[in-house]
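The values are calculated or read from the model by the stated rules, or taken from the named source; none is laboratory data. Because the structure is predicted, anything quoted here is derived from the model rather than measured. Using ideal geometry, Cβ is built from the backbone for each residue, glycine included, and neighbour counts are taken over all protein chains shown.
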Amino acid sequence: MSKVAETLEYIVNGIDTNRVVELATSMAQDDNFGQFRFRANNHWIDGSRSQTSIKDFFAGGGERTERTHKLVVDADQPVYLGGQNTAPNAVEHYLHALVSCLSTTIVAHASVRGIPLKSLRIGAEGGMDARGFFGVSDDVNRGYEMVSVDIQANTAASEEILLELIRYSPVYELVAKAIPVEMNISIE
């Protein structure tokens, strides 16, 4: 495996490929440069509502404080589950984390490889038995038992290339190592 990535153009699919290559090269030359610590702090508001703030993080050997304000993510439950339906619930955020990470990963790695993408849509659905959460049964998982991902890409890349790019996704790895993940890809 090469210790330095290579790029064909400066901006591909809206990604600054020189920056990505620069970061990858630094990580290849210094293992500690690749150590990251992200943080999220949640506080309960009322009922099923809570709010998470995200600001600074550790990366590249130092504290990253370039965000001038906290990023805020709300969570709630649908009315059906006793909430106020003001925001996605935690398991919906989990799906959001998966599909957004897959999107970021595919676009970044395709860009560095010089692969143009005309469009990319990723959806996910998780199946769970809520009896675990509600304490009705100790014999079922409390979370998702299966996640199905549907990727629709308009690109010259093959399904095999997209599957190769996907393996770099941190959230996909978290999901795939914990539960089975079904991957469906359609190329236009």
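Structure above, values below:
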| item | result |
| --- | --- |
| Selection within the stretch 137-188 - β-branched (Val, Ile, Thr) and farther than 17 Å from Val107 by Cα | Val140, Val147, Val175, Ile179, Val181 |
| Subset of the stretch 133-188 [closer than 22 Å to Asn13 by Cβ, aliphatic (A, V, I, L, M), in contact with a strand residue (DSSP E or B) (Cβ under 8 Å, 6 or more places away or on another chain) and surrounded by fewer than 16 Cβ atoms within 10 Å (Cβ to Cβ)] | Leu163, Ile187 |
| Neighbours by Cβ (under 9 Å, 6+ apart or cross-chain): first from the stretch 31-44, of a type in the set (Phe, Trp, Tyr); second part of a helix (DSSP H, G or I) | Phe33/Leu23; Phe33/Ser26; Phe33/Met27 |
| Residue satisfying all of: in the stretch 69-85; exposed (fewer than 15 other Cβ atoms within 10 Å of the Cβ) and among the polar types (S, T, N, Q); nearest to the chain's Cα centre (by Cα) among these | Asn85 |
| Verdict on Gly83 being in contact (Cβ under 8 Å) with a residue 24 or more places away in the chain, of a type outside the set (D, E, K, R) and in contact with a Leu (Cβ under 9 Å, 6 or more places away or on another chain) | no |
| All positions within the stretch 140-158 that are modelled with pLDDT under 95 and not hydrophobic (A, V, I, L, M, F, W, C) | Asn141, Arg142, Gly143, Tyr144, Glu145 |
| From Ala110, Ala124, residue being surrounded by 18 or more Cβ atoms within 10 Å (Cβ to Cβ), at pLDDT 95 or above, farther than 13 Å from Leu165 by Cα and of a type outside the set (Asp, Glu) | Ala124 |
| Members of the stretch 28-68 found to be small (Gly, Ala, Ser), surrounded by 14 or more Cβ atoms within 10 Å (Cβ to Cβ) and not in a loop (DSSP other than H, G, I, E, B), listed by number | Ala28, Gly34, Ser50, Ser53, Ala59 |
| Options Thr65, Thr104; residue that is in the same structural domain as Leu120 (by TED's automatic domain parsing) and polar (S, T, N, Q) | Thr104 |
| Close pairs from the stretch 175-188: first more than 19 Å from Ala97 (Cβ to Cβ), partner of a type in the set (Val, Ile, Thr), Cβ under 6 Å, at least 6 apart | Ile185/Ile151 |
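To keep it simple, each residue is scored yes or no on (1) part of a helix (DSSP H, G or I); (2) in contact (Cβ under 8 Å) with a residue 24 or more places away in the chain; (3) farther than 13 Å from Met183 by Cα; (4) of a type in the set (Phe, Trp, Tyr).
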| residue | (1), (2), (3), (4) |
| --- | --- |
| Ser111 | yes, yes, yes, no |
| Leu120 | no, yes, yes, no |
| Gly123 | no, yes, no, no |
| Ser137 | no, no, yes, no |
| Arg142 | no, no, yes, no |
| Ser148 | no, yes, no, no |
| Asn154 | no, yes, yes, no |
